[in-house]
Amino acid sequence: MGKFTDALKKAAEARLSHIEKMDQQETQVKYEFVARKTVESNIDPRIMTFYDTKSPVTEQYRTLRTNLTALSSGSKPLKAVTITSSTHGEGKTISSINLAITMAQDLNSKSILLIDADMRRSKVNRYLGVPVSEGLSEILSGTADIEKGLLNIGIPNLTVMLAGKAPQNPAELLGSVKMKELINKLKARFDFIIIDAPPIVPVTDVGIFGRHTDGAIMVVQANRTQKGVIRHAQGLLQQAQIDLLGYILTDIRYHIPAYIYRYL
């Protein structure tokens with residue numbers, strides 16, 4: 001029995017070693033979620049929803065779109081949503097663009113408007129690969145009309161309004177009556193509006209115009225944003241009477257087994 005037991009033990013150890021090697025090979029496959037450009041475009045490769053409609057990241061944005069659609073089916077439908085974060089660099093702009101493209105890809109062909117309201121550190125034009133042009137700041141200051149600020153970047157059902165030239169008084173412009181009137185006019189024109197807003201902790205911009213939208217989604221970067229900062233941001237949204245609809249957690253790094261990735 002001793003030899004037989006030893007043989008079984010050796011076989012089990014060999015099988016375990018084989019499985020461990022296979023796991024090591026799979027974990028060496030890195031998914032950085034940067035798309036391989038399949039078309040000629042200046043859009044940033046991190047905008048996965050444009051380049052790879054079957055990627056796991058795109059599927060997550062579809063889930064977010066579904067959740068927003070479910071919220072819109074209530075007594076108070078969502079027409080305009082603010083995307084913000086606690087601090088800078090958490091991925092709110094990339095999230096806003098990916099969500100806007102995903103919503104534009106909806107089979108119901110809804111008209112989607114993406115507004116860059118971060119007039120202090122605007123990045124939407126950079127990620128979309130379009131030059132700076134007249135946008136929100138010019139419209140609010142009265143030097144351009146709405147039509148000049150609406151851009152067609154070649155994605156069906158998606159219109160973009162850039163931040164425009166950085167103004168000296170962004171908080172005053174965003175808190176003006178013109179901003180409220182602009183949002184109401186655009187709500188009547190588009191099926192859904194996504195506003196890429198500044199972070200709420202360092203500046204007051206979101207608190208003074210976010211109440212004119214139907215709620216906010218807060219972007220949180222994993223392993224970076226501290227709980228206390230998130231709670232502070234939540235308090236600021238509450239003080240501004242802005243409904244917090246949910247969260248987007250960015251920079252998640254986890255292993256996706258190869259067979260699941262192949263299926264997706």
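Points to keep in mind about this one:
- Gln241 versus Asn67: modelled label distance in nm, points set 7 Å from Cα along the beta carbon direction: 2.7
- Rounded if a/c under 1.5, otherwise prolate or oblate - the stretch 49-91, Cα gyration tensor axes: oblate
- Charge tally in the Cβ shell below 11 Å around Ala171, where Lys, Arg are +1 and Asp, Glu are -1, Ala171 excluded: -1
- Residues Asp145, Asp44, Asp116, ranked from the fewest to the most other C-beta atoms within 10 Å, line up as Asp145, Asp44, Asp116.
- Computed from point charges on the beta carbon alone (+1 for Lys and Arg, -1 for Asp and Glu), the dipole magnitude for the stretch 48-263 about its Cα centre is near 380 Debye.
- As a size descriptor, the averaged projected area of the C-alpha convex hull of the stretch 48-263 was calculated at 12.2 nm².
- Whole-angstrom gap from the stretch 152-228 to the stretch 57-130, using each part's C-alpha centre: 10
- By DSSP, the beta bridges lying fully in the stretch 48-263 are antiparallel in about 5 percent of cases.
- Close amide H contacts of Thr250 (hydrogens built in the peptide plane, cut-off under 5 Å, sequence separation of 5 or more or a different chain): Val220, Gln221, Ala222.
- Ranked by how many other Cβ atoms sit within 10 Å of their own Cβ, fewest first, the residues His232, His212 fall in the order His232, His212.
- In terms of other Cβ atoms within 10 Å, Val229, Val57 run from fewest to most in the order Val229, Val57.
Where a number appears in this text, it was derived from the coordinates with a stated rule and is not lab data. Keep in mind that what you see is a predicted model, and the values were worked out from it rather than measured. We place every Cβ from the backbone using ideal geometry, glycine too, and count neighbours over all the protein chains shown.
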